[in-house]
Amino acid sequence: MEAKFPPQYNPEGIETGLYEFWEKSGYFSTSIHKDGREKYVIVIPPPNITGVLHMGHALNNTIQDVLIRWKRMNGFNALWVPGTDHAGIATQNVVEKMLRTKNIDRKTLGREKFIEEVWKWKEKYGSTIIFQLKKLGASADWSRERFTMDENLSRAVKEAFVHLYNKGLIYKGKRIIHWCCRCGTALSDEEVNYRDIDAFLYYIKYPLIEGGFIEVATTRPETMLGDTAVAVHPSDKRYKKFIGQSVRIPFVDRVIPVIADEKVEKDFGTGAVKVTPAHDPVDFDIGTRHNLPFVIVMDEEGIMNENAGKFKGMDRFRCRDEIVKELQEMELLTKKEPYPTRIGACYRCETIIEPYLSSQWFVKMAPLAKPAIEAAEKDILKFYPERWKKVYLNWLYNIKDWCISRQIWWGHRIPVWYCRVCKDKMPSDEKAGVFVSVDEPQKCPYCGSREIYQDPDVLDTWFSSWLWPFSVFGWPERTKDLELYYPTDTLVTAQEILFFWVARMVMAGYEFMGMHPFENIVIHGTVRDKTGRKMSKSLGNIIDPLEIIEKYGADSLRFSLISMTAAGQDVFLSPTFYIKGRNFMNKLWNASRFIVSAAERYGEKVILHKKFEQLNLPEIWILTSLDEVIEKVNSSLNEFRLNEAINLLYDFFWHTFCDWYLEISKVHQEQEELYFKEKVLPVLFHTHISLLKMLHPFIPFITENLWQVFKDYCDLETESIMISSWPEKTGIQREKNIMEEMETIMEIITSIRNLKMRFGVPVSKQINCYFDRIPEGLSARIISKLAGVDEFSGFQGEKKEGLLIKNLREGRIGMSFAGIIDVQKELKKLYKEREKLQGYLEKIEKKINSPDFTVKAPEDVQEKEREKKQELEELLKNLEKDIEFIEGKG
Ligand SMILES: [Zn+2]
Ligand SMILES: [Zn+2]
């Protein structure tokens, strides 16, 4: 046994070997399954090729793996499609940075060479995260791994674009968009992270041509260089007389009108606002309504341009400071007041977004949103937890058009071409010479000219990932895979990408496939540190999942992560959160060793029964309890409450199977060999193997390892636990009196053990006990063995000295400690113990409540102290209960 079954479980090396065994055996691939099985499909949220496995990925992919393994064992043709995302801006940034270390600039390198560099980088590093997912145990079908820039998926992107363009749902428009001056590209509304900052509101006097001033307020004074009007509300009495007058803007000497517009907020600042149509979305609308000029005052890198006069060449924020300084000197700045406001930042590089007037491609979203709204309203899509349905719908009800063009190089080039000849013929017609094509065109379809060129922009990364649930199966071809696997079943995702990705996939599903892309949307929380902060490099609070896998095994990580993740809630991890999992693996290992060693004595394989007959009380009880667990675990998994399922299994294994049944089984082993061999062993094996199977989706490695060991001791159904069948209930009759009888036995044993522990008496020390109803036969033997009782008597003529009587749910038990301890003396010891605990508790309470501590101590120290306090309170409560009992009854 030792060789196969060392006394300690050590996952190192074992996990890699088992993963290779699964992969080689083809268990991840759907092809090994017979036709006719019902399919169950999950597509992975494709991680970025720049990604490195973090706790969020670990959680997201463990959930998917649990579901896929569970369904596979339930006889489904289970398919998990893996892949990666090209991650336009993120990858371009990484490669640019890499090139800079070699003193190479993207722009001098040129577009084609740069893209070559990105591909080279991708070949080298782009699969890092895939390797890491394998380490986690992900049972995805790697033969189907897809990449959003694969040839077929790129074709899908072009096909989708052309389809929407021809339908009139894609258009080019000059709009104020979110511009990242560092990335040099437009961003969609969803790609902007908002945060609250303390800014300033500047009050500036604009000189009127007719004499006097009109005062405006702004948070971005540098944009005044692009002002083309001052606007007031038409009903604002204060300004009525100014409407129609003119203003000269300082620095650029432009004369602009004072106009009236309903959209001006009378309460903001002075009630008069500067209008900068090229640098603000509200002003853009005002500008359009009033036919104002659009003056752009900075370039795409946030540097002031020729329209900024003497500020040309200056960074936008330095220009702000300069302008404020000069306005002060000119006595045109009347006030500068603190002003809390929200600003947007680039989700890739955190640079402050510039609202910027620019020509971009947009998708009209309202028509696409319609079926996606209906799908949720009619519960064709089911959200777990359900509250996300409202969030999803609210976004769709208020959906805005989607800016899909990006001014970067890495990505799917927009399949739009322009003809120079046609354009020259009709320069005023914006649509002249514009055409779309899936295949690379050779000439203009209107005039036949070969003087054509492609739009330089690429598409938003999400324009390829919104097609993911069908592009991975070969769309736009009508493939057999599409027919078999679309729509998919469950999507497991983080909440941050609900709009970015989930909602858009639903819209694309209906538009291109005429059907929802998945049925269940499982949305999990964010992984945070113990104090609730997001994990980030700058905070130094990252817990690296790979390090935990390396040291303690993927199972420990998976187990701990899932067991503490309540459905949809954020997860708070302490740096030692994996310990619960590690302890569980050890317990599982030890219990398995015990079972195997019990079987080993007979030198023959244990026959696993399908039907159980003529069993004694403990066997009926454990099988009935197992049936109950199977049922509960199934219903938890069906509702995607994975933590509930794993915690049920944990409790059953640890506190029912190990704490009780394994101990009780020893009674037979010693006293009735035959019954033990023929009845107990099969029940032990059956229960344990059923448990291993149910645990397998959560902790695949150790359960497979044990399966391989158990093969030598009993007849197991399959080569691997991965392809074994999910346990079914034994169907054993649940008898109420049997369950109650067992509970009484357990209550008696617990009462005696507790008291012995309190008195420092070893459990094995035999005592006499008195009962209203004296346990007999097997029950008595179990109690005797597990609680150390050598005499069972009725309540007649018992000696009062040293006797403690406890009420049970039914009847009473008297425990005699005469001649073993002096109860009164022990009681005094317990009083002292109580005093000590109270002292500790007071101390800790004082510490926790001191203002110094709550302000100065780090959050995790505070947390630890609070935990300590809770533990102490629990100890004290139990001690007081026992003292009260001993005082009353002793
Ligand atoms: Zn950026
Ligand atoms: Zn043409």
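Observations
- Flag if P775 is at pLDDT 90 or above, surrounded by 20 or more Cβ atoms within 10 Å (Cβ to Cβ) and outside any helix (DSSP H, G or I): no
- Some residue of region 65-81 being open to solvent by less than 20 Å² (accessible area, probe 1.4 Å) and acidic (D, E): yes
- For region 364-378, filtering for residues that are of a type in the set (K, R) and touching a residue at least 24 places away in the same chain (Cβ under 8 Å) leaves 1.
- Within region 295-328, the set of residues being closer than 13 Å to T223 by Cβ and among the hydrophobic types (A, V, I, L, M, F, W, C) comprises V295, I296, V297, M298, M304, A308, F311, F317, C319, I323, V324.
- Annotation for region 505-513: no member residue is buried (at least 19 other Cβ atoms within 10 Å of the Cβ) and within 16 Å of ligand 2 (Cβ to nearest atom).
- Selection status of T531, touching a helix residue (DSSP H, G or I) at 6+ places or on another chain (Cβ under 6 Å), open to solvent by 10 Å² or more (accessible area, probe 1.4 Å) and more than 16 Å from E159 (Cα to Cα): yes
- Check on A372, open to solvent by less than 10 Å² (accessible area, probe 1.4 Å) and within 16 Å of ligand 1 (Cβ to nearest atom): no
- Residue match in region 306-323 (condition: in a loop (DSSP other than H, G, I, E, B) and touching a Gly at 6+ places or on another chain (Cβ under 9 Å)): no
- Residues satisfying the stated conditions in region 242-292, i.e. of a type in the set (A, V, I, L, M), open to solvent by less than 40 Å² (accessible area, probe 1.4 Å) and out of contact with any helix residue (DSSP H, G or I) (no Cβ under 7 Å at 6 or more places or on another chain): V247, I256, I259, A260, V264, V273, I286, L292
- Pairs with Cβ under 7 Å, 6+ apart, first in region 343-354 and open to solvent by 30 Å² or more (accessible area, probe 1.4 Å), second within 6 Å of ligand 1 (Cβ to nearest atom): R348/C183; C349/C180; C349/R182; C349/C183; T351/C180; T351/R182
- Among the residues examined, T703 qualifies as closer than 29 Å to R593 by Cα and either crowded, with 18+ Cβ neighbours inside 10 Å or in contact with an Asp or Glu (Cβ under 7 Å, 6 or more places away or on another chain) (or both).
- Odd one out for C447, checked against (1) of a type outside the set (D, E); (2) within 12 Å of ligand 2 (Cβ to nearest atom); (3) closer than 20 Å to M149 by Cα: (3)
- Consider region 447-485 and keep the residues that are β-branched (V, I, T) and open to solvent by 10 Å² or more (accessible area, probe 1.4 Å). The one that is farthest from ligand 1 (Cβ to nearest atom) is T479.
- Against the test of being surrounded by fewer than 16 Cβ atoms within 10 Å (Cβ to Cβ) and either more than 19 Å from G168 (Cβ to Cβ) or touching a residue at least 40 places away in the same chain (Cβ under 8 Å) (or both), the options K423, K400 yield a single qualifying residue, K400.
- Single unsatisfied condition, F268 versus (1) touching a residue at least 12 places away in the same chain (Cβ under 8 Å); (2) over 43 Å from the mean Cα position of the chain (by Cα): (2)
- Selection of first residues in region 426-447 that are touching a residue at least 24 places away in the same chain (Cβ under 8 Å) and over 30 Å from E477 (Cα atoms) and of second residues that are more than 10 Å from ligand 2 (Cβ to nearest atom) and outside any loop (DSSP other than H, G, I, E, B), restricted to Cβ pairs under 9 Å at least 6 apart or on distinct chains, gives the following pairs, ordered by first then second residue: E430/K172.
- Highlighted here are the strands (runs of 3 or more DSSP E) found entirely within region 331-430 that include at least 3 residues which are away from ligand 2 (no atom under 16 Å from the Cβ) and over 18 Å from Y453 (Cα atoms): 333-346, 354-363, 382-384.
- Hits in region 134-187 (condition: within 16 Å of ligand 1 (Cβ to nearest atom) and among the basic types (K, R)): R182
- In region 778-795, of all residues being open to solvent by 40 Å² or more (accessible area, probe 1.4 Å) and farther than 17 Å from L755 by Cβ, the one that is nearest to the chain's Cα centre (by Cα) corresponds to K785.
- When the test is whether a residue is of a type in the set (A, V, I, L, M), in contact (Cβ under 8 Å) with a residue 24 or more places away in the chain and within 16 Å of ligand 1 (Cβ to nearest atom), I497 does not pass it.
- Cβ-Cβ under 9 Å pairs, at least 6 apart or on other chains, region 532-551 side of a type in the set (S, T, N, Q), far side open to solvent by less than 40 Å² (accessible area, probe 1.4 Å) and not in a loop (DSSP other than H, G, I, E, B): N541/D529
- Yes/no for T488 being open to solvent by 20 Å² or more (accessible area, probe 1.4 Å), away from ligand 2 (no atom under 16 Å from the Cβ) and out of contact with any Cys (no Cβ under 7 Å at 6 or more places or on another chain): no
- Helices (runs of 4 or more DSSP H) lying entirely in region 781-890 (those with 1 or more residues that are in contact with a Phe, Trp or Tyr (Cβ under 8 Å, 6 or more places away or on another chain) and not hydroxyl-bearing (S, T, Y)): 823-849, 859-889
- Filter pass, Y384 being open to solvent by 20 Å² or more (accessible area, probe 1.4 Å) and either without any contact (Cβ under 8 Å) to a residue 12 or more places away in the chain or among the hydroxyl-bearing types (S, T, Y) (or both): yes
- Residues that are out of contact with any helix residue (DSSP H, G or I) (no Cβ under 6 Å at 6 or more places or on another chain) and either over 22 Å from E159 (Cβ atoms) or within 16 Å of ligand 1 (Cβ to nearest atom) (or both) within region 420-438 comprise R420, V421, C422, K423, D424, K425, M426, P427, S428, D429, E430, listed in sequence order.
- Count of region 848-879 residues, restricted to those that are over 31 Å from the mean Cα position of the chain (by Cα), among the charged types (D, E, K, R) and closer than 24 Å to D529 by Cβ, is 3.
The values are calculated or read from the model by the stated rules, or taken from the named source; none is laboratory data. All of these numbers come straight from a predicted model, not from anything done at the bench. Quick reminder, even Gly has a Cβ in these numbers, built from the backbone with ideal geometry, and neighbours come from all protein chains shown. The protein model used for the area step is the full one, side chains on, heavy atoms only, and it has no ligands, DNA or RNA in it. Shrake-Rupley method; radii C 1.70, N 1.55, O 1.52, S 1.80 Å.
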